[in-house]
Amino acid sequence: MENEKKREVVFSAIQPSGTITLGNYLGAVRNWVAMQEEYDCIYALADLHTITVKQEPAQMRKNIIDAYASIMACGVDVEKSLFFIQSHVHTHAELAWLLSCYTQFGELSRMTQFKDKSAKHADNINAGLFTYPVLMAADILLYQADKVPVGADQKQHIELTRDIAERFNGRYGNVFKVPEGFIPKNGARVMSLQDPSKKMSKSDENVNGCVHLLDTPETIMRKFKRAITDSEACVRYAEGKDGINNLMSIYSAVTGLTFEQIEHDFDGKGYGDFKVAVGEAVVEHLRPIQERYNQLVKDKAYLEECYRKADEIATKISRRTVSKAMKKIGFVL
Ligand code: ATP
Ligand code: LTN
């Protein structure tokens, strides 16, 4: 028999902190789907991460199930990949504690997401918000992941994960695989439609800035028609044209057209026509995802069957890494 090459492991996660956005989809989830063919993929709903900001219990329960169904609707296939719920797999919290003792206060203080989120939630700068990247490092290192598909905003957290892994390995020998981030060329940083200097975010206070995967076609069209642009009225990609650059990136990501082709197709046309075209392309791209979502979310028993199965397998795989790390540290197992 031919010696089959072992496939590389991919790990990523998303917080079920609200409905999934076009930014989450183009920056991360779309790549999760594409990578399933070539890699052994492991994906999680990072529900433990969400409580670093205030959550309302009933809404949180709904968000978790909705996010699970949404990600499946995007094309994460539970027959090909593991897709589990972080809090059900207890090794995540365990390894996070261990790794927190190998992470420096100074390193965590430099994380820009912590600085941004503590400015935004000044009344609740809890220890979890600060140690958030350690839990994320644990998520990744538990599965000995080679590649981590994320949007550009997570680059700093991936570098920290590598530093923690290298530090631990330096002291105890080869315990963790040192992972690499996988950031897409197009779509890595989808910006707010209302303030193109800020990333599109689930928690944007201006609802028109953010397109959600499950927005109705009318809502999507309205948000794109109102998108902030500039006064040049010429569809071309250039420095200082953040609004148009963002719309061109979105259009390119959903149609596969290059920037040159887009500039050519819209030569002589105004921003009004372009915004309608981008809106329509996004509506069409999301239509099959929304249809699948509407079917999946009706069958709660099936969703539960899927995550319970994955939770169990993830527990088994990740337990091996925790045991190895604990043994090396000096715990009596
Ligand atoms: P929150 O607004 O609650 O902080 P978030 O929308 O920033 O959440 P996460 O759930 O933490 O996102 O991120 C899931 C994935 O989506 C990550 O890989 C992240 O890099 C990616 N992502 C988030 N926002 C964008 C964006 N605007 N453009 C591209 N990728 C994004
Ligand atoms: N922090 C991530 C979500 C996340 C994640 C992970 C991403 C939690 N654990 C592990 C990749 C790998 C975010 O996108 N804000």
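Structure summary
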{"item": "Hits in the range 264-294 (condition: assigned to a helix (DSSP H, G or I) and closer than 16 Å to Ser231 by Cα)", "result": "Tyr271, Gly272, Asp273, Phe274, Lys275"}
{"item": "Ala127 vs. criteria among the aliphatic types (A, V, I, L, M), free of Cβ contacts under 8 Å to residues at least 24 places away in the same chain, surrounded by fewer than 21 Cβ atoms within 10 Å (Cβ to Cβ) and away from ligand 1 (no atom under 16 Å from the Cβ)", "result": "yes"}
{"item": "Matching residues, the range 181-235, being over 15 Å from the mean Cα position of the chain (by Cα), within 16 Å of ligand 2 (Cβ to nearest atom) and of a type in the set (Lys, Arg)", "result": "Lys198"}
{"item": "Residue identified as more than 21 Å from Glu305 (Cα to Cα) and in a loop (DSSP other than H, G, I, E, B) among Val29, Val78, Val53", "result": "Val53"}
{"item": "Scan of the range 1-51 for residues that are among the basic types (Lys, Arg) and within 10 Å of the chain's Cα centre (by Cα), ordered by number", "result": "Arg30"}
{"item": "Where a residue in the range 258-274 is in contact (Cβ under 8 Å) with a residue 12 or more places away in the chain and surrounded by fewer than 13 Cβ atoms within 10 Å (Cβ to Cβ) and its partner, wherever it lies, is in a loop (DSSP other than H, G, I, E, B) and small (Gly, Ala, Ser), with Cβ under 9 Å and at least six apart", "result": "Gly270/Ala233"}
{"item": "Residue within the range 81-104 that is at pLDDT 95 or above, within 13 Å of ligand 2 (Cβ to nearest atom), more than 22 Å from Ala325 (Cα to Cα) and assigned to a helix (DSSP H, G or I) present", "result": "no"}
{"item": "The range 89-124: number of residues that are acidic (Asp, Glu) and touching a residue at least 60 places away in the same chain (Cβ under 8 Å)", "result": "1"}
{"item": "Residues of the range 195-240 satisfying the condition of being farther than 19 Å from Gly270 by Cβ, small (Gly, Ala, Ser) and surrounded by 15 or more Cβ atoms within 10 Å (Cβ to Cβ)", "result": "Ser201, Gly209"}
{"item": "Selection within the range 281-333 - of a type in the set (A, V, I, L, M), under 20 Å from Met72 (Cβ atoms) and surrounded by 12 or more Cβ atoms within 10 Å (Cβ to Cβ)", "result": "Leu286, Ile289, Leu296, Val297, Leu303, Ala310, Ile313, Ala314"}
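To keep it simple, each residue is scored yes or no on (1) of a type in the set (A, V, I, L, M, F, W, C); (2) within 13 Å of Thr321 (Cβ to Cβ); (3) in a helix (DSSP H, G or I); (4) out of contact with any Leu (no Cβ under 8 Å at 6 or more places or on another chain).
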residue: Leu135; (1), (2), (3), (4): yes, no, yes, no
residue: Gln144; (1), (2), (3), (4): no, yes, no, yes
residue: Gln154; (1), (2), (3), (4): no, no, yes, yes
residue: Arg167; (1), (2), (3), (4): no, no, yes, yes
residue: Asn174; (1), (2), (3), (4): no, yes, no, yes
residue: Lys177; (1), (2), (3), (4): no, yes, no, no
residue: Gly181; (1), (2), (3), (4): no, no, no, yes
residue: Gly187; (1), (2), (3), (4): no, no, no, no
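Okay, residues lined up against (1) more than 10 Å from ligand 2 (Cβ to nearest atom); (2) assigned to a strand (DSSP E or B):
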{"site": "Phe11", "(1), (2)": "no, yes"}
{"site": "Ser17", "(1), (2)": "no, no"}
{"site": "Ala34", "(1), (2)": "yes, no"}
{"site": "Glu38", "(1), (2)": "yes, no"}
{"site": "Cys41", "(1), (2)": "yes, yes"}
{"site": "Ala44", "(1), (2)": "no, yes"}
{"site": "Ala58", "(1), (2)": "yes, no"}
{"site": "Ile64", "(1), (2)": "yes, no"}
{"site": "Tyr68", "(1), (2)": "yes, no"}
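The values are calculated or read from the model by the stated rules, or taken from the named source; none is laboratory data. The model shown is predicted, which means the values in this text are computed figures rather than measured ones. Because the Cβ atoms are built from the backbone with ideal geometry, glycine has one as well, and the counts that use them run over all protein chains shown.
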